[in-house]
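Structure record follows, encoded as structure tokens.
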Amino acid sequence: MYMENTNQTKESLLKHAHGLEAQLVPFFAKFPHIPEGGRKVLADIIPWLALIFGILGLIALLGAGGIMTLLAIPALLTGNVWIITTFVTTAIGLVATILQLLAFNPLKARMKKGWNYLFYGLLLGALSTVVSVIGGALAASIYSGAGAVSSLISGAIGFIIGGWLLFEARDQYKA
């Protein structure tokens, strides 16, 4: 029963992610395009960027921040919004980092599966920003109004730049 529900949830999430990908194609199609040769070079570089940032992300998450989050697990029971937000955003970051590392070999082989992993990581990064801002607002101690707005703006800029580069290289990867 559990595996069946897990598979249904996974399939539902993937269906939604693919639907979001289809909706973002026309959005990013309006942006300036990199020449074909540049897209090929970008596709050659992306696996290495995924590997480097995946390793750096893992180091950061398993460093002091990750250890502090793990130590905070008992504190989750207190219902402290800041601790819960930190734990959730760290967990999301860990999944996104793992996806970057998993993407390396498929990206090297120019497989769409690797591109998909990076796309899912991009979506998780956006989710992490939103969770962080909402959690900070609920905790009323992390963000002032201006801090929340600047976090959302920087998150949106990161999403747009990352998405633009990702969608520019998308046609270089085959299923």
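The values are calculated or read from the model by the stated rules, or taken from the named source; none is laboratory data. Please read these numbers as outputs of a predicted model, since none were measured by experiment. Here Cβ is always computed from backbone atoms with ideal geometry, including for glycine, and neighbour counts include all displayed protein chains. The area values use the complete protein model at the heavy-atom level, side chains included, leaving out ligands, DNA and RNA. Shrake-Rupley method; radii C 1.70, N 1.55, O 1.52, S 1.80 Å.
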Cβ-Cβ under 7 Å, sequence separation 6+ or interchain: first residue in segment 71-97 and closer than 16 Å to residue 134 by Cβ and of a type in the set (A, V, I, L, M), partner modelled with pLDDT under 85 and open to solvent by 50 Å² or more (accessible area, probe 1.4 Å). Which pairs?
81/138
Residue hits (segment 155-168; within 10 Å of residue 122 (Cα to Cα) and open to solvent by less than 50 Å² (accessible area, probe 1.4 Å)) are 158, 159, 162, 163, 166
Look at residue 20 and say whether it is within 19 Å of residue 122 (Cβ to Cβ), assigned to a helix (DSSP H, G or I) and at pLDDT 90 or above.
no
Test: residue in segment 91-114 that is polar (S, T, N, Q), modelled with pLDDT under 90 and open to solvent by less than 50 Å² (accessible area, probe 1.4 Å):
no
What's the total number of residues in segment 54-80 that are of a type in the set (Val, Ile, Thr) and at pLDDT below 75?
4
Need the failing condition index for residue 152 against (1) open to solvent by less than 70 Å² (accessible area, probe 1.4 Å); (2) more than 15 Å from residue 49 (Cβ to Cβ), just the number.
(1)
Looking only at segment 92-139, filter to residues that are among the charged types (D, E, K, R) and part of a helix (DSSP H, G or I); which one of those is nearest to residue 46 (Cα to Cα)?
108
